[in-house]
Each structure stands twice: as C-alpha cells, then as structure tokens.
Amino acid sequence: MQMDKVLELQAVLLRNHPQMSYKGVPSWPPRWIWLDGAEDKHPKGEFGILRTVLLSKHGANRCFLLIFHEESSYMGCLLFDDEIFCGQINETARGSLQSSYCGHW
C-alpha cells in the first residue's frame, strides 16, 4: 500500500500553544509576584524552578505557579478560556515539579 500523504508530528512548547491564552492575550509568561526570600529582583519572562502548582478554587480557568529563583519565591497566575485545558496544564505541570525549569515551557 502506497501512502499518498505523510503525517508529520511536531512538538509544541506549551508557551506557544494556541490555547495558552485568555481572551486573546497570551498567558505565558505570567507576571511574577515576589512572595518572600532574599530580595525582589522584579524578574520577567522565563526563569526559576517550579515548586508548586495550584488550581484555583474560585474558577476552573486559572492556576497558580510557585517558583524558586535565586533564594526568593515568586507566584504567577495563568488564565485560560478553556477550563479543560487549564486542568490539563495543571496536571502536566504537577508532573514535573521540582525538576522543571520554567523556561522549558
């Protein structure tokens, strides 16, 4: 049997996924809020080690990321239009806790 078409699969980084947005605004990278630690270095973009992922109790379309970077802790919020996709992101992120550098998203 001869194949007329070949299916090509490509990996997509989560930050580039079309559903990684809320009302047309990209969710990644989130705005990082300093929680505690040595000092607030006002980081932007992708950095740090993912420590905790929390699904919001006040809306299934958002999750919170806690990261550690240079002796300080920061929290960011990801908002989504699709609640199911948010749950999938939450589970995916939980699977890579402690070993995931946020820049790999």
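The values are calculated or read from the model by the stated rules, or taken from the named source; none is laboratory data. Here the structure is a predicted model, which is why all the values come from computation and not from measurement. Using ideal geometry, Cβ is built from the backbone for each residue, glycine included, and neighbour counts are taken over all protein chains shown.
Considering each of Glu70, Glu39 in turn, give the residue that is loosely packed, with under 14 Cβ neighbours inside 10 Å, in contact with a Lys or Arg (Cβ under 8 Å, 6 or more places away or on another chain) and modelled with pLDDT under 95.
Among Glu70, Glu39, only Glu70 is loosely packed, with under 14 Cβ neighbours inside 10 Å, in contact with a Lys or Arg (Cβ under 8 Å, 6 or more places away or on another chain) and modelled with pLDDT under 95.
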Residue count, the range 1-36, condition over 15 Å from Ala93 (Cα atoms), modelled with pLDDT of 90 or more and not hydroxyl-bearing (Ser, Thr, Tyr), comes to 12
By residue number, the members of the range 71-92 that are in contact with a strand residue (DSSP E or B) (Cβ under 8 Å, 6 or more places away or on another chain) and either over 30 Å from Ala38 (Cα atoms) or assigned to a helix (DSSP H, G or I) (or both) are Phe80, Asp81, Cys86, Gly87, Ile89, Asn90
With the first residue restricted to the range 44-62 and required to be more than 15 Å from Ser72 (Cα to Cα) and free of Cβ contacts under 8 Å to residues at least 40 places away in the same chain, and the second required to be among the charged types (D, E, K, R) and buried (at least 18 other Cβ atoms within 10 Å of the Cβ), Cβ contacts under 9 Å at 6 or more apart or on different chains are Leu55/Arg62; Ser56/Arg62
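Regarding Thr92, is this residue among the β-branched types (Val, Ile, Thr) and either in contact with a Phe, Trp or Tyr (Cβ under 6 Å, 6 or more places away or on another chain) or closer than 19 Å to Pro26 by Cα (or both)?
When the stated conditions are applied, Thr92 passes them.
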Selection from the range 32-64 of residues within 22 Å of Ile84 (Cα to Cα) and either assigned to a loop (DSSP other than H, G, I, E, B) or among the small types (Gly, Ala, Ser) (or both) yields Ser56, Lys57, His58, Gly59, Ala60, Asn61
